[in-house]
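This report refers to the structure that appears directly beneath it.
Values in this text are rule-based calculations from the coordinates and carry no lab data. For clarity, every value in this text was computed on a predicted model and none was experimentally measured. When we count neighbours, we look across all protein chains shown, and the Cβ atoms used for this are built from the backbone with ideal geometry, even at glycine.
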Amino acid sequence: MVGEGPCYGIIWAPWRMKYIEEGAGRRDESSCVFCEAPRKDDREALILYRGRHSYIILNKYPYNTAHTMVVPYRHVPSLEDLTREELSEMIIAVKAVLEATRREYKPHGFNVGVNIGEAAGAGIAGHVHIHVVPRWCGDANFTFTVGGVKVMPETLDRTYERLKPVVEEACKNKCALR
Ligand SMILES: [Zn+2]
């Protein structure tokens with residue numbers, strides 16, 4: 001879902017191998033990480049917001065800093081399995097995440113995408129989810145520069161603390177989610 005261009009390149013994220021390996025062999029609801037997450041508390045699961053039909057979660061194995069996902073509560077493999085209500089809420093949640101992330105992290109762009117099926121690169125193919133990945137010019141390098149300042153990847157805890165309040169605000173005030 002990321003490509004080559006004048007300003008961006010493919011992000012190398014070797015820590016994602018653990019995620020892919022953990023996902024291997026987990027194809028039913030009983031052992032699905034996206035079904036399990038809402039049963040934990042927000043902080044433990046890295047859940048940023050809970051809607052009526054879907055939730056917003058920080059990706060534990062991110063492609064980039066502040067990589068989030070919008071996930072329906074129902075365990076279904078594809079967008080065409082979702083109801084109109086679920087789809088509506090999820091795209092509004094994407095809007096809220098874009099607004100919140102843009103405000104807090106000032107990215108130069110975003111990749112928003114859905115991988116449907118293992119052949120398309122879905123790590124957890126049984127439970128559809130929408131990726132929101134902020135992009136900065138030069139972020140394909142290990143460290144990159146924004147406004148003369150070198151940017152280092154931050155910890156998930158720090159990202160969670162920064163994003164949680166702005167995502168909540170965007171969901172409640174601007175998007176009237178829930
Ligand atoms: Zn699931």
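The H on the amide N of Phe110, modeled in the peptide plane, is under 5 Å from the matching H of Arg135, each at least 5 residues off or on a different chain.
Residue order for Cys35, Cys171, fewest other beta carbons within 10 angstrom first, comes to Cys35, Cys171.
Maximal additional length on extending the Ser31-Glu80 stretch stands at 15.4 nm, based on 0.36 nm per residue less the C-alpha distance. Distance between the modelled labels on Arg52 and Glu154, one decimal in nanometres: 3.3 nm (7 Å Cα→Cβ projection). Backbone amide hydrogens, once placed in the peptide plane, bring Leu48 within less than 5 Å of Ile56, Ile57, Leu58, excluding anything fewer than 5 places away on its chain. Rounded to the nearest 0.05, the FRET efficiency derived from the C-beta distance between Lys40 and Ala120 at R0 = 41 Å is 0.90. The length gained on full extension between Ile91 and Glu168, counted as 0.36 nm times the residue separation minus their Cα-Cα distance, comes to 26.2 nm.
Taking the Cβ of Phe110 as the center, what net charge do the other residues with Cβ under 14 Å away carry, scoring Lys and Arg +1 and Asp and Glu -1?
Numbers: positive: Lys95, Arg102, Arg103, Lys106, Arg135; negative: Glu99, Glu104, Asp139.
With Lys, Arg at +1 and Asp, Glu at -1, the net is +2.
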